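Notes for the one structure printed next.
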Amino acid sequence: MRIVLGVSGGIAAYKAALLLRLMTEEGHEVHVVPTNSALNFVGKATWEALSGRPVYNDTFEAVEEVNHVLQGRLADLVLLAPATANSLAKAAHGLADDLIGNILLTATVPVVMAPAMHTEMWENAATQANVATLRARGIHIIEPATGRLTGSDTGKGRFPEPEDIWSQTKDLLDRGAAKRHLEGKSVVVSAGGTREALDPVRYLGNRSSGKQGVALALAAARAGADVTLIAGAMDIAAPQDPNISVVAIESTRDLLDAVLHHAEGKDGLIMAAAVADFRPAAVTDEKMKKQDGNTAPTIVLEQTEDVLRTTVEQRAAGQQLPRVIVGFAAETGDADTTPLEYGRAKLQRKGCEILVVNEVGVGKVFGQDDNDATIIFADGSDDVPIQGSKDRVAVEIINQLADAFA
Ligand code: CTP
């Protein structure tokens, strides 16, 4: 593999030398691109000796090779480690005042960043906003470790051990983030929760954060698909990615219309949205007023449309809808039936090809960063259990989708 290792100016630059060692020992071709401040910590000679290649850090070196554009295109991966608060800020704003800044702007390959800084800097609202922006653009940010920092202080912000960074990076690549196996395919992903209006100000909603749906849209885009993200209410920003177009919806009815419209002629549909099962039967045009005394209105509910099932039915009726439809199931178990058994019954009921079964409960799945699920298949293929971050789960689901197309 050809890797660009960007090194920014923090004390952890010395650990990046060990990281470089791990990569070259496995036979990878590593091009080190330090920032000027990184050279205050570890000099060019060290990078050249350990990588066995010339090291450039200025946009105006090796100009005849158009190095600033070439590196990000030729590489299989760009890894920025350590990424200082300053380099994260520059990347989030697209600044290109040095070679690594240019490479990050031109890279069409997976980009991984391993931040390292003092806890205060990591927790600062500016840094957190920059990290969120970069993640929304599909950059994989490795969480910093907690422990001893440069001085005698400890906290979050420590550069993870080189072995951890390398194993997380490889994991990401192995799990398909770098495989463009959805090239030429179009995929619709629904994400977030629906809101059902009660009156002009109030609604019934749910706790969906949209994180899993956004992770799926990004993973599909990285795999080469042309993605439409139909987004309900989410806690996170919709991704800004040239291969993802975002359609905002509010209610279940909006979602149904959007899915039937945008999924027409597409190859895949992933229904990660948390859809309301009931909505107020009547919506008042004026805000419901409080009455004198202790009376409160009774809200009568009616069932919403089942978007997934309707899409499957419309497809059976001849509409050009995706060949592979993936549903999600949020299940709790009980004394007689496991969540997975409920999931299998739901797969049959819904008629889709693939179902991702999540066990839910207080503090499980909704709004959390990690997921623990089982992918089950209508054609009887073996179940695929998946655990880990929602990013990792997303990549696995995308791999299964690609297999189903094949
Ligand atoms: N779904 C849908 N339309 C609805 C409800 C759910 O399209 N009105 C989709 C969800 O996006 C998800 C799948 O159906 O992909 C299963 O959602 P879930 O809430 O687990 O199931 P329900 O259909 O609501 O069934 P139940 O409440 O009986 O478990």
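Taking amide H positions as placed 1.01 Å from N in the peptide plane, with prolines and chain starts having none, which residues 5 or more places from A274, or on another chain, fall under 5 Å of its amide H?
For A274, whose amide H was placed from the backbone, the distant partners under 5 Å are G192, G193, T194.
With an 8 Å Cα cut-off and a minimum separation of 6 or more residues, compute the relative contact order for segment 186-405 in percent.
20 percent
Per residue of segment 260-271, what does 6.51 cos²θ - 1.76 cosθ + 1.60 with θ = phi - 60° give for ³J(HN,Hα)? Whole Hz please, x for Gly and Pro, Karplus curve as stated.
Using θ = phi - 60°, the values come out as 5, 7, 7, 7, 4, x, 8, 8, x, 9, 10, 9 Hz.
Report, by chain and number, residues whose modeled amide H sits under 5 Å from the one on V188, excluding near sequence neighbours (fewer than 5 apart, same chain).
T228, G268, L269, I270
How far, in degrees from 0 to 90, does helix 13-25 lean away from the longest principal axis of the Cα atoms of the chain, to the nearest 10?
Orientation of helix 13-25: about 90 degrees from the principal axis.
Calculate, for segment 2-177, the solvent-accessible area per residue in square angstrom, rolling a 1.4 angstrom probe over the heavy atoms of the protein chains. Walk me through the numbers before you get to the answer.
On the way: 7590 Å² over 176 residues.
Normalised by residue count, the accessible surface of segment 2-177 is 43 Å².
Give me log10 I(q)/I(0) at q = 0.13, 0.15 Å⁻¹ for segment 2-177, Debye formula, one equal scatterer per alpha-carbon, no solvent.
Each listed q maps to, in turn, -0.58, -0.78.
When only Cα pairs under 8 Å and 6 or more residues apart are kept, what is the percent relative contact order across the chain?
Computed over the chain, the figure is 11 percent.
Could you sort 192-201, 224-233, 387-396 so that the peptide with the highest average Cβ count within 10 Å comes first and the rest follow in order?
Going from most to least packed, we get 224-233, 387-396, 192-201.
Using 16 Å as the cut-off for backbone N distance, which residues of segment 384-406 belong to the label zone defined by a point 7 Å from the Cα of R323 along Cα→Cβ?
400-406
With a 1.4 Å probe and all protein chains left in place, how much accessible area per residue does segment 186-405 have, in Å²?
50 Å²
What FRET efficiency do you get for T298 and H181 if R0 is 60 Å and r is their Cβ-Cβ distance, rounded to the nearest 0.05?
Details: r = 53 Å, r/R0 = 0.88.
So the FRET efficiency works out to roughly 0.70.
If each residue of separation counts as 0.36 nm, what is the full-extension length gain between T154 and E341 once their alpha-carbon separation is subtracted?
In short, 62.7 nm is gained.
Using the per-residue mean of other Cβ atoms lying within 10 Å as a proxy for protection, in what order, highest first, do the peptides 211-217, 112-118 fall?
Working: 211-217: 29.1, 112-118: 24.9.
Listed from highest to lowest mean packing, they are 211-217, 112-118.
Under 21 Å Cα-Cα from K156, which lysines qualify once same-chain neighbours fewer than 8 residues away are excluded?
K156 reaches K15.
Express in nm, to one decimal, how much length is gained between D254 and L204 on full extension, taking 0.36 nm for each residue of separation and deducting their alpha carbon distance.
16.5 nm
For segment 186-191, take each phi angle, set θ = phi - 60°, evaluate the Karplus expression 6.51 cos²θ - 1.76 cosθ + 1.60, and give the result in whole Hz per residue in order, putting x for glycine and proline.
Once rounded to whole Hz, the list reads 10, 9, 10, 10, 9, 9.
For the chain, what does the convex hull of the Cα positions come to per residue, in cubic angstrom? Let's see the in-between values first.
Details: hull volume 76.4 nm³, N = 406.
Each residue corresponds to 188 Å³ of Cα convex hull volume.
Taking all protein chains together and a probe of 1.4 Å, list F41, F377 from the most accessible to the least accessible.
The residues order as F41, F377, largest area first.
When the helices in the chain are scored as -39500 (n - 2.57) per DSSP H run of 4 or longer and the sum is shared across all residues, what 222 nm value do you end up with, to the nearest 500 deg cm²/dmol?
Rounded to the nearest 500, the figure is -10000 deg cm²/dmol.
Ranked from highest to lowest mean number of other Cβ atoms within 10 Å per residue, what is the order of the peptides 71-82, 26-37, 7-18?
Highest to lowest by the protection proxy: 7-18, 71-82, 26-37.
Note down the magnitude of the dipole of segment 192-349 about its Cα centre, charges +1 on Lys and Arg C-beta and -1 on Asp and Glu C-beta and zero elsewhere, to the nearest 20 debye. Don't skip to the answer; put the middle values down first.
Working: 17 positive and 22 negative charges, 49 e Å.
Its charge dipole is roughly 240 debye.
Classify segment 1-92: rounded, prolate or oblate, from the alpha-carbon gyration tensor (a ≥ b ≥ c, eigenvalue square roots; a/c under 1.5 rounded; otherwise prolate if a/b is larger than b/c)?
rounded
At 7 Å along the Cα-to-beta-carbon direction for both E305 and Q348, put a label point, then send me their distance in nm to one decimal.
If labels sit at E305 and Q348, their model points lie 2.7 nm apart.
For V246, enumerate residues with amide H under 5 Å from its amide H, sequence gap 5+ or separate chain, H modeled in the peptide plane.
Under 5 Å from the amide H of V246: L229.
I need the phi-derived Karplus couplings for segment 228-242: 6.51 cos²θ - 1.76 cosθ + 1.60, θ = phi - 60°, integer Hz, Gly and Pro marked x.
In residue order, the calculated couplings are 10, 9, 9, 10, x, 6, 9, 7, 10, 6, 5, x, 9, 8, x Hz.
The values are calculated or read from the model by the stated rules, or taken from the named source; none is laboratory data. It should be emphasised that the depicted structure is a prediction, and the values quoted were computed from it without experimental measurement. Positions of Cβ are backbone-derived with ideal geometry, glycine not excepted, and every protein chain shown enters the neighbour counts. All accessible areas refer to the heavy atoms of the entire protein, side chains included, with ligands and DNA or RNA removed. Shrake-Rupley method; radii C 1.70, N 1.55, O 1.52, S 1.80 Å.
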